[in-house]
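Here the structure comes first, spelled out in structure tokens, and everything after it is commentary.
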Number of protein chains: 2
Amino acid sequence: MDVQEEIRKLIKTIPHFPKEGVQFKDITPLLESPALSRAITVEIARLFQGVNIDAVAGIESRGFLYGLPLATELNVPFIPVRKKGKLPDETVAVKYLLEYGSEELEVHRRSIKKDMNVLIHDDLLATGGTANAAASLVEMLGAKVAGFSFIIELNHLSGKKQLADYDKPIISLVKYD
Amino acid sequence: MDVQEEIRKLIKTIPHFPKEGVQFKDITPLLESPALSRAITVEIARLFQGVNIDAVAGIESRGFLYGLPLATELNVPFIPVRKKGKLPDETVAVKYLLEYGSEELEVHRRSIKKDMNVLIHDDLLATGGTANAAASLVEMLGAKVAGFSFIIELNHLSGKKQLADYDKPIISLVKYD
């Protein structure tokens with residue numbers, strides 16, 4: 001199976017969601033093919049071969065979808081990065097700016113150990129604000145960012161630039177201009 | 001590996017979360033063991049052997065975690081059931097009551113086909129309100145509930161009673177009184 005081609009074929013573009021003018025890339029059709037879901041997991045793991053990864057941190061909610069299978073495939077822990085107030089145990093939090101207003105992400109303090117190499121995973125790289133916030137949580141706890149993995153990247157939003165300072169692999173399976 | 005025993009050993013009880021008096025069962029330690037995550041998926045699939053399942057519907061957010069691996073293991077589509085306003089394409093919605101206020105769940109209309117047998121998956125069975133709402137979405141679209149799968153069940157909240165009318169298997173890996 002050509003994973004990239006299959007993803008492109010299935011992704012549905014929804015005009016004007018969540019607001020006027022945005023062309024939303026809907027990944028839910030991918031989830032309907034178990035063979036593709038398996039292939040996506042294996043392909044991301046393959047692309048990170050040779051990179052030292054001790055854990056995968058997946059960002060709520062859509063980063064939970066392929067995040068856990070990816071961690072299982074890599075044989076490392078999965079760490080959920082959640083919106084404020086959702087994680088029950090002791091957390092560290094980071095606030096970051098969105099186009100309008102701000103958002104806050106949290107991670108369990110106990111989940112990230114000092115010097116761990118943590119791969120950040122989400123479904124989509126847009127402006128990079130969310131992935132950057134997750135990466136800063138990793139560093140706040142004395143761990144290192146191993147890289148970033150996404151299913152889709154929207155080139156025109158230049159998310160890669162925001163993550164460039166980490167100087168780590170940023171891999172997206174499919175890119176749109 | 002004794003999956004049930006391993007889950008019990010790892011689940012962390014967090015007192016007074018999300019509010020005074022609640023003993024919250026934290027499943028995040030399970031996610032840190034890739035061997036256990038794999039075993040959980042295989043075990044749920046095994047417990048549903050002989051049940052006709054055409055799709056797994058996982059409830060946002062924690063039902064996304066083992067929901068997709070379970071669908072992949074069963075070789076069927078995964079259908080995300082999300083909070084209102086998150087799914088980009090045409091949806092059906094259902095409102096249901098919580099202890100205080102109400103919540104609304106949605107599913108893509110195109111994801112659920114007539115007469116499909118859909119397994120509902122979430123991490124936790126408490127009062128059963130959320131699982132029941134997801135099941136009613138399945139029926140609204142002319143499909144059938146194949147069963148319910150949870151990692152944890154809180155017996156004292158009698159969630160099973162609320163789901164009894166479907167007369168389908170309700171399976172939880174670990175139960176707490």
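The values are calculated or read from the model by the stated rules, or taken from the named source; none is laboratory data. The model shown is predicted, which means the values in this text are computed figures rather than measured ones. Glycine also receives a Cβ, built like all others from the backbone with ideal geometry; neighbour counts cover every protein chain displayed. Each accessible area value is taken on the protein alone, full model and side chains, heavy atoms only, with ligands, DNA and RNA left out. Shrake-Rupley method; radii C 1.70, N 1.55, O 1.52, S 1.80 Å.
Ranked from shortest, the separations from the 7 Å Cα-to-Cβ label point of A:Pro169 to its equivalents in the other copies are 3.9 nm.
Taking amide H atoms as placed 1.01 Å from N in the peptide plane, the amide H of B:Asn117 lies under 5 Å from those of B:Asp54, B:Ala55, B:Lys144, each 5 or more residues away in sequence or on another chain. Computed from the C-beta positions of B:Lys12 and B:Asn75, the FRET efficiency with R₀ = 22 Å rounds to 0.10. Share of Cα-Cα pairs in region A:1-123 beyond 25 Å, in percent? Looking at region A:1-123, the distances longer than 25 Å represent 35 percent of pairs.
Largest accessible area first, the residues A:Lys84, B:Lys144, A:Lys114 order themselves as A:Lys114, A:Lys84, B:Lys144 under a 1.4 Å probe with ligands, DNA and RNA left out.
Selection among B:Ser111, B:Tyr66, B:Leu97 by position relative to the dipole of region B:60-127 gives B:Ser111 as farthest towards the positive end (Cβ unit charges, Cα centre).
For region A:127-176, what log10 I(q)/I(0) values come out of the Debye formula at q = 0.32 1/Å, with one point per alpha carbon and no solvent? With one equal scatterer per Cα and no solvent, log10 I(q)/I(0) is -1.36.
Per residue of the protein assembly as shown, the DSSP helices (runs of n ≥ 4 H) give a summed -39500 (n - 2.57) that works out to -9000 deg cm²/dmol at 222 nm.
Considering all different alpha carbon pairs of the protein assembly as shown, the Kirkwood hydrodynamic radius works out to 20.6 Å. Of the whole protein surface, A:Ile59 contributes about 0 Å² of accessible area at a 1.4 Å probe radius. Accessible surface buried by the A/B pair amounts to about 3000 Å², both sides summed, 1.4 Å probe.
Relative contact order, whole percent, for chain A stands at 17, derived from Cα pairs under 8 Å and 6 or more residues apart. Residue-wise HN-Hα couplings along region B:65-81, as the Karplus relation 6.51 cos²θ - 1.76 cosθ + 1.60 with θ = phi - 60° gives them from phi, are 5, 8, x, 5, x, 5, 4, 4, 4, 7, 6, 10, x, 9, 10, x, 9 Hz; Gly and Pro carry x. Kirkwood analysis of the Cα pair distances in region A:45-113 returns a hydrodynamic radius of 13.1 Å.
Provide the gained length on full extension for the span B:Val22 to B:Asn155, in nm with one decimal, where the gain is 0.36 nm per separating residue minus the Cα-Cα distance.
Once the chain is fully extended between B:Val22 and B:Asn155, it gains 46.5 nm.
Rg/Rh for region A:52-176 stands at 0.93; both radii use Cα atoms, and Rh follows the Kirkwood definition. Under 5 Å between amide hydrogens, built in the peptide plane, is the criterion, and for B:Val92 it picks out B:Val107, B:Arg109 among residues at least 5 positions away or on other chains. Of all DSSP beta bridges confined to chain A, the antiparallel ones make up roughly 35%. For B:Met140 and B:Ala93, the difference between the fully extended length at 0.36 nm per residue and the C-alpha to C-alpha distance is 16.0 nm. Couplings for region B:115-125, taken from phi via the Karplus curve 6.51 cos²θ - 1.76 cosθ + 1.60 with θ = phi - 60°, read 6, 4, 9, 10, 8, 8, 10, 8, 6, 9, 9 Hz in order; Gly and Pro are left as x. Taken about its Cα centre, the protein assembly as shown carries a charge dipole of about 140 debye when Lys and Arg each add +1 at the Cβ and Asp and Glu each add -1 at the Cβ. Amide H to amide H distances under 5 Å link A:Leu173 with A:Phe150, A:Ile151, A:Ile152, where only residues 5 or more positions off or on other chains count and H is placed in the peptide plane.
Shielding by partners for peptide B:30-42, expressed as the average number of C-beta atoms from other protein chains within 10 Å of each residue's C-beta, is 4. The string of couplings for region A:32-46 from the Karplus curve (6.51, -1.76, 1.60, θ = phi - 60°) is 7, 10, x, 5, 5, 4, 4, 5, 4, 4, 5, 5, 4, 4, 4 Hz, one whole number per residue in order, with x for Gly and Pro.
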